[in-house]
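Working notes for the structure below.
The values are calculated or read from the model by the stated rules, or taken from the named source; none is laboratory data. Worth saying up front: this structure is predicted, and the values here are computed from it rather than measured. Virtual Cβ from ideal backbone geometry, glycine too; neighbours counted across all protein chains shown.
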Amino acid sequence: MLQKMVKIQVIGPTKDLYNVLDFLYAKGTVQLEDASAQVTPGEISLKRMTAEQLDDINAALTKIGGILLTLPKVKIDEKQVANTYHNLKIKSQENLLGQVNSVIDELEEVTKNLAIEKSELELSISNSIRYEKIIEKIRPLESSLPVLEGFEVTVLLIQREFKDVIDIIRNTLTEITRKQFELLSADVDETTIAAVTIYNKRYSEQVHSFLFTQNVNEIRLPSEYLGKPFAEIFNLIGEKKITETAEMERIDADLAKISSKWYLELSALHQVLEERAEELSIFSKIGKTEYTFVIVGWIPKKTLKDTRTELKDSFGGRVIVNELTLTPDEMANAPTFYDNPRFVKPFEYLMKVVSPARSTEIDPSPIMAIFLPLFFGIMVGDIGYGLIIFAFANIVKWKFSDRGDWLKYLMNVLIIGSLWAIFFGWLYGEFFGDLGEMMGWIEPKTIFGVELNRMEAIVPFLILSIAIGVFHVFLGLVLGIVNSWTEISCSRNVSKAKKHICEKTGMIVVITGLILVIAATALALPSTVITLGAIMMIIAIPLIIIGGGAFGMFEIMSTVGNVLSYARIMAIGMASVILAVVANQLGGMMEVAILGILIAVLLHTLNLVLAMFSPFLHSLRLHLVEFDGKFYEGGGEMYKPFKKENGGKSL
């Protein structure tokens, strides 16, 4: 459900501002708003506060972060981190910045130089490996190249899909050099070809200009390799790699030594600076006079008393909390704060993804938590499938626990749905289709004289699905009436809300009348009920026209369509059990037992995959379209209190 939100004003002496912010940050119950955005005429004008030290904190945070990125991570004792963090967080702004700047002065230059040196070595080693690979591939071509004074050797890399460019290069070089060149090629790897050409230096400019226009990569060896045989170049590259690798190891050792000494303090400093920056960033929302500060924000009604009491006790009555009187429009813009039991959280997440509720409307999450798994269970309705889905969802939750809340919530929806699937599988007598019944393990239960065999009781299951649809849609219409009544009680959109009440009330009456007429026509009710149903429909039509105008009549057909849409509960469940039975029958028809088992397993696997996704998506659609469309608007803004998950930090 949604918690009622109230807007408060926190007022106190300027000297207590830092401590009050620290308290609110630790408490984590207030979403801050701009205190000076709107001031009622006649009140004292409030100026926005500025945080002069925010720039210093952000600059220090950037530098500490840069040093941490340079250093290798080391394993540190969490207790030591907590102690260091505690000692740092109680420091004043000036003392903290003094310690940070001292650390920066000692480490920034040395770590920066080591990082630059390491980066240059990494680039050099990478180039050496590249040159080495190319030279190794083209060394066999060296014996075929003439050694002539005044000639230049050029190495080209060509992507294999553009290998035809070699012929273009050969033809063009023939024209440029008047046939005074050699061109040889060899594969470097699966995607690259190396081409080596030798030509007179007087054509160098023309050749390079031409090569620049082609889809080739011209390799320019460092000056120290020019004019040397390929074998000698290869050896020189190897020696350079060894030297540079040793130098890299020395730099890594120096960085590791620095990290072992400073990583703990740097991590704690970075954490404290992040929190200080977050706290100081809200100063622009705080109003002030010469001696007083004013903080304005939203807070859940249920936490107001506790927050007010603790502020009073902590500051000896110097800081007061006023609850502001709001207009209906202001109240409608209150942030949305979900406060549901644990089992509702996955469905709350689904509603947040679609569109968060407005603070003044009914939260559909608890209702979804009841009906969505129920619909899923009715459709799947198989003990074997339910057990596998239950195991699959738990394994995924455990295996991918680091993937975020979204995966955990989706798996929790499947887990709850799988329990309903097992229950309805017991009612239907289904264990991998009719396998359980064939083995004599289980059989369909009989309720009100109807055997719950989905292969045979098609009409009863269809009636049950439509009955569920009628109840679910009527519940949505009733909730729509409640939402509209809330609007009226808040003196907000009164005319529109009254029309909605008329329309939704009329819709309930007309659908009820239509059901009575159909039931009486089908001889399920006395024929005299037809008259009652017709009267209800006649009474309802003016209400619908008053509420929705002429287009309200079309809404009747839309609502009837919504109700009939619930027939998919029966249809999808029927398709699932038919495929399961077909899997068992095909498997049993095979003369080779192993082949029969394989076919049955493959078909059951396909059915199981469909059972995990199709019932979930259709159940979700029934909620978001057929049900929520009758009362839910959404479009709310989530409650974002001034806090950090790991607790409050000191200014």
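Taking Leu525 and the conditions (1) free of Cβ contacts under 8 Å to residues at least 40 places away in the same chain; (2) assigned to a helix (DSSP H, G or I); (3) among the hydrophobic types (A, V, I, L, M, F, W, C); (4) over 25 Å from Thr360 (Cα atoms), which numbered condition does it fall short on, given that it satisfies the others?
The number of the failed condition is (2).
Please specify each residue of segment 589-604 satisfying the condition of being of a type outside the set (A, V, I, L, M, F, W, C) and either surrounded by 14 or more Cβ atoms within 10 Å (Cβ to Cβ) or under 14 Å from Phe432 (Cα atoms) (or both). Talk me through it step by step, then tell me what you get.
If we filter segment 589-604 for residues that are of a type outside the set (A, V, I, L, M, F, W, C), which is where we start, we get 591, 596, 604.
Those that are of a type outside the set (A, V, I, L, M, F, W, C) and either surrounded by 14 or more Cβ atoms within 10 Å (Cβ to Cβ) or under 14 Å from Phe432 (Cα atoms) (or both): Gly596, His604.
Of the conditions (1) over 40 Å from the mean Cα position of the chain (by Cα); (2) at pLDDT 90 or above, Met455 satisfies every one except a single condition; which number is it?
It fails just one condition, (2).
What are the residues in segment 279-326 that are modelled with pLDDT under 80 and in a loop (DSSP other than H, G, I, E, B), if any?
Thr289, Glu290, listed by residue number.
In segment 461-476, how many are surrounded by fewer than 16 Cβ atoms within 10 Å (Cβ to Cβ) and more than 15 Å from Thr559 (Cβ to Cβ)?
The total comes to 2.
Scan segment 229-257 residue by residue and report those that are assigned to a helix (DSSP H, G or I) and at pLDDT below 80.
Phe230, Ala231, Glu232, Ile233, Phe234
Report yes if some residue within segment 536-556 is aromatic (Phe, Trp, Tyr), in a helix (DSSP H, G or I) and in contact (Cβ under 8 Å) with a residue 60 or more places away in the chain; otherwise report no.
no
Rundown of residues vs (1) in contact with a helix residue (DSSP H, G or I) (Cβ under 8 Å, 6 or more places away or on another chain); (2) in a loop (DSSP other than H, G, I, E, B); (3) surrounded by fewer than 18 Cβ atoms within 10 Å (Cβ to Cβ), yes/no style:
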site	(1), (2), (3)
Thr559	yes, no, no
Met570	yes, no, no
Ala580	yes, no, no
Leu606	yes, no, yes
Val609	no, no, yes
Gly634	yes, yes, yes
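Hey, does segment 258-266 have a residue that's at pLDDT below 90 and more than 29 Å from Glu117 (Cα to Cα)?
no
Could you please give the count of residues in segment 312-358 that are under 23 Å from the mean Cα position of the chain (by Cα) and polar (S, T, N, Q)?
Number satisfying all stated conditions: 3.
Among the residues that make up segment 176-185, is at least one of them more than 24 Å from Glu132 (Cβ to Cβ) and among the hydroxyl-bearing types (Ser, Thr, Tyr)?
Among the residues of segment 176-185, at least one is more than 24 Å from Glu132 (Cβ to Cβ) and among the hydroxyl-bearing types (Ser, Thr, Tyr), which makes the answer yes.
Starting from segment 186-197, take each residue that is free of Cβ contacts under 8 Å to residues at least 60 places away in the same chain and list its partners that are of a type in the set (Ser, Thr, Tyr) and in a strand (DSSP E or B), counting only C-beta distances under 9 angstrom and pairs at least six apart or across chains.
Listed by first residue and then by second, the contacts come to Ile193/Ser185; Ala195/Thr154; Ala195/Ser185; Val196/Thr154; Val196/Ser185; Thr197/Thr154.
Going through segment 85-100 one residue at a time, which ones are modelled with pLDDT under 85 and within 12 Å of Ala268 (Cα to Cα)?
Answer for segment 85-100, where residues must be modelled with pLDDT under 85 and within 12 Å of Ala268 (Cα to Cα): Tyr85, His86, Asn87, Leu88, Lys89, Leu96.
Report yes if His618 is over 30 Å from Gln3 (Cβ atoms) and either in contact (Cβ under 8 Å) with a residue 24 or more places away in the chain or surrounded by 21 or more Cβ atoms within 10 Å (Cβ to Cβ) (or both), otherwise no. Explain how you work it out, then say what you get.
Working: over 30 Å from Gln3 (Cβ atoms): yes; either in contact (Cβ under 8 Å) with a residue 24 or more places away in the chain or surrounded by 21 or more Cβ atoms within 10 Å (Cβ to Cβ) (or both): yes.
It is true that His618 is over 30 Å from Gln3 (Cβ atoms) and either in contact (Cβ under 8 Å) with a residue 24 or more places away in the chain or surrounded by 21 or more Cβ atoms within 10 Å (Cβ to Cβ) (or both).
Return a yes/no flag: does segment 611-626 have any residue that is of a type in the set (Val, Ile, Thr), at pLDDT below 90 and under 26 Å from Asn412 (Cβ atoms). Step through it out loud before you land on a result.
Residues of segment 611-626 of a type in the set (Val, Ile, Thr): 625.
Applying the additional criterion that residues be at pLDDT below 90 yields 625.
Applying the additional criterion that residues be under 26 Å from Asn412 (Cβ atoms) yields 625.
Yes, the conditions are met somewhere in segment 611-626.
Looking only at residues in segment 486-520 that are free of Cβ contacts under 8 Å to residues at least 24 places away in the same chain and among the small types (Gly, Ala, Ser), which one is surrounded by the fewest Cβ atoms within 10 Å (Cβ to Cβ)?
Looking at the filtered set, the residue picked out is Ser495.
Being surrounded by fewer than 17 Cβ atoms within 10 Å (Cβ to Cβ), closer than 30 Å to Ile463 by Cα and assigned by TED's automatic domain parsing to the domain that holds Pro364 narrows it down to one of Leu543, Leu523, Leu479, so name that one.
After ruling out the rest, the residue left standing is Leu523.
How many of the residues in segment 65-84 are part of a helix (DSSP H, G or I), closer than 11 Å to Thr111 by Cα and in contact (Cβ under 8 Å) with a residue 60 or more places away in the chain?
Residues flagged as part of a helix (DSSP H, G or I), closer than 11 Å to Thr111 by Cα and in contact (Cβ under 8 Å) with a residue 60 or more places away in the chain within segment 65-84 amount to 3.
I'd like the residue in segment 1-28 that is modelled with pLDDT under 85 and outside any helix (DSSP H, G or I) and, out of all such residues, is nearest to Leu280 (Cα to Cα).
Gln3
Could you tell me whether any residue of segment 445-456 is more than 24 Å from Leu622 (Cβ to Cβ), in contact (Cβ under 8 Å) with a residue 12 or more places away in the chain and of a type outside the set (Ser, Thr, Tyr)? Even if it seems obvious, please write down each step before you answer.
So in segment 445-456, the residues more than 24 Å from Leu622 (Cβ to Cβ) come out as 445-446, 448-449, 451, 453, 456.
Adding the requirement that they be in contact (Cβ under 8 Å) with a residue 12 or more places away in the chain leaves 445, 453.
If we keep only those that are of a type outside the set (Ser, Thr, Tyr) too, we end up with 445, 453.
Within segment 445-456, one or more residues are more than 24 Å from Leu622 (Cβ to Cβ), in contact (Cβ under 8 Å) with a residue 12 or more places away in the chain and of a type outside the set (Ser, Thr, Tyr).
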